[in-house]
Amino acid sequence: MSAFKERVFSGVQPTGSLHLGNYLGAIKRFVELQSQMDCIYCVVDLHALTIATPPDELRDGIRGVTAGFLAAGLDPSHSIIFNQSQVHEHAELAWIFSCVARVGWLNRMTQFKEKAGKDRENASAGLYTYPVLMAADILAYKATHVPVGEDQKQHLELTRDIAQKFNTDYSASIRARGHGDVFFPLTEPLIGGPAARVMSLRDGTKKMSKSDPSDYSRINLTDDVDTIAQKIKKAKTDPHPLPETVKELEARPEAENLVGIIAALTDATPEQVLKQHAGAQFSQFKSALVDVAVEKLGPLRAEMIRLAHAQDHIDAVLADGARRASTIAHPIIEEVKGIVGVVGAK
Ligand code: TYM
């Protein structure tokens with residue numbers, strides 16, 4: 001296999017407000033990767049259209065997620081930060097990939113089943129083909145690494161399947177055009193750490209999510225100190241004190257979740273957290289968690305509020321990012337057109 005330049009790509013949907021799961025499972029890790037590889041971070045506004053969103057809310061959401069990226073520490077002079085709709089190559093490649101992906105593959109996507117619910121006939125076709133657009137987001141840049149939470153794992157497997165099938169179906173054309181044996185990399189998901197799957201504060205078996213009707217199920221990055229404290233205090237727990245080993249957390253989803261959250265916020269392992277808190281009652285442990293959450297999330301929230309008043313700055317960051325992203329994606333998509341044989345391509 002030919003060598004690919006290491007490049008990180010990831011995206012966040014601008015629907016609802018960002019929550020602790022988005023931060024710990026994805027955005028905090030985006031920041032860490034910034035110093036290790038070339039990074040491209042995208043506010044995926046076209047994805048947000050798959051579920052009806054009022055235009056004003058979408059516009060606010062795009063700027064809100066961008067503010068979240070910057071407040072968390074992404075540096076636009078270093079990483080490329082932009083919104084998906086401004087780089088038309090994503091949509092073009094998605095069409096070509098929708099002719100590579102198989103209906104059977106999409107039928108297996110569990111997130112579609114969850115989001116479409118019982119009324120599947122009435123879901124948008126975009127919601128169904130959503131993972132194809134996601135593959136296009138990633139491969140338009142030949143990204144080699146994608147940091148995401150665990151819920152995106154199946155979509156990344158599909159991205160690899162699409163890359164592999166494209167490489168195989170067009171192998172002769174790829175070789176003839178001097179690309180060696182493969183055109184697209186088989187992208188590596190970067191999933192892991194104690195917060196790869198942050199769970200609802202109301203039910204430790206359900207993912208923390210923007211769409212949960214209960215606001216008490218999640219900590220939003222825009223929540224103030226009192227709200228954060230109240231949500232943690234009300235979080236569901238069990239009647240036992242914290243155990244000594246991680247193994248003993250296995251059958252205690254709520255305890256495991258809170259331990260994972262404090263570990264991720266303090267860059268510790270769950271083992272280290274238990275070493276410090278074993279034997280503690282939840283009332284005590286929750287107070288410690290409130291202190292950490294407020295200390296870590298308070299400055300982030302303050303910066304998001306400041307940036308909410310700096311719309312021109314946000315828009316300029318996105319415009320500059322889109323220009324830089326296009327410079328990478330454009331020649332790749334032109335080459336894809338040549339490989340598949342559409343006329344007009346060189
Ligand atoms: P989205 O917008 O639902 O979530 C953004 C990121 O946050 C992670 N995440 C979580 N991590 C841990 N615990 C949770 N409870 C939790 N909830 C969300 C998600 O895994 C994700 O990393 N399809 C994607 C957006 C996307 C994308 C891409 C991602 C579009 N194109 C290309 C990577 C590469 C999504 O809906 O994420």
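The values are calculated or read from the model by the stated rules, or taken from the named source; none is laboratory data. All values reported here derive from a predicted model rather than from experimental measurement. Here Cβ is always computed from backbone atoms with ideal geometry, including for glycine, and neighbour counts include all displayed protein chains.
In this structure, is residue 94 under 27 Å from residue 165 (Cβ atoms) and free of Cβ contacts under 8 Å to residues at least 60 places away in the same chain?
Judged against the criteria, residue 94 is a match.
State the number of residues belonging to the stretch 144-158 that are of a type outside the set (D, E, K, R) and near the ligand (Cβ under 8 Å from one of its atoms).
7
Conditions tested, residue by residue: (1) outside the structural domain of residue 301 (by TED's automatic domain parsing); (2) surrounded by 15 or more Cβ atoms within 10 Å (Cβ to Cβ); (3) without any contact (Cβ under 8 Å) to a residue 24 or more places away in the chain; (4) on the phi < 0 side of the Ramachandran plot.
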{"position": "17", "(1), (2), (3), (4)": "yes, yes, no, yes"}
{"position": "30", "(1), (2), (3), (4)": "yes, yes, no, yes"}
{"position": "34", "(1), (2), (3), (4)": "yes, yes, no, yes"}
{"position": "55", "(1), (2), (3), (4)": "yes, no, yes, yes"}
{"position": "71", "(1), (2), (3), (4)": "yes, yes, no, yes"}
{"position": "78", "(1), (2), (3), (4)": "yes, no, no, yes"}
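Results for (1) in the same structural domain as residue 29 (by TED's automatic domain parsing); (2) out of contact with any helix residue (DSSP H, G or I) (no Cβ under 7 Å at 6 or more places or on another chain); (3) at positive phi; (4) not in a helix (DSSP H, G or I), shown as yes or no for each residue.
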position	(1), (2), (3), (4)
90	yes, no, no, no
101	yes, no, no, yes
104	yes, yes, no, no
129	yes, no, no, no
132	yes, no, no, no
135	yes, no, no, no
142	yes, no, yes, yes
153	yes, yes, no, no
157	yes, yes, no, no
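Just the residues that are within 15 Å of residue 22 (Cβ to Cβ), without any contact (Cβ under 8 Å) to a residue 24 or more places away in the chain and surrounded by fewer than 18 Cβ atoms within 10 Å (Cβ to Cβ), please, taken from the stretch 195-212.
Within the stretch 195-212, no residue meets the criteria.
Condition check ((1) part of a helix (DSSP H, G or I); (2) modelled with pLDDT of 95 or more; (3) under 30 Å from residue 262 (Cα atoms); (4) not aliphatic (A, V, I, L, M)) across all residues:
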residue: 2; (1), (2), (3), (4): no, no, no, yes
residue: 25; (1), (2), (3), (4): yes, yes, yes, yes
residue: 61; (1), (2), (3), (4): yes, yes, yes, yes
residue: 85; (1), (2), (3), (4): yes, yes, no, yes
residue: 94; (1), (2), (3), (4): yes, yes, no, no
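Just to be sure I understand, how many residues within the stretch 35-59 are outside any strand (DSSP E or B) and either within 15 Å of the chain's Cα centre (by Cα) or of a type in the set (A, V, I, L, M) (or both)?
Residues in the stretch 35-59 being outside any strand (DSSP E or B) and either within 15 Å of the chain's Cα centre (by Cα) or of a type in the set (A, V, I, L, M) (or both): 10 in total.
Please go through the stretch 36-53 and give me each residue that is surrounded by fewer than 21 Cβ atoms within 10 Å (Cβ to Cβ) and either small (Gly, Ala, Ser) or on the phi > 0 side of the Ramachandran plot (or both), ordered by number.
Answer for the stretch 36-53, where residues must be surrounded by fewer than 21 Cβ atoms within 10 Å (Cβ to Cβ) and either small (Gly, Ala, Ser) or on the phi > 0 side of the Ramachandran plot (or both): just 52.
Just the residues that are buried (at least 22 other Cβ atoms within 10 Å of the Cβ), in contact with a strand residue (DSSP E or B) (Cβ under 9 Å, 6 or more places away or on another chain) and not hydrophobic (A, V, I, L, M, F, W, C), please, taken from the stretch 123-148.
Passing the criteria: 137, 141, 147.
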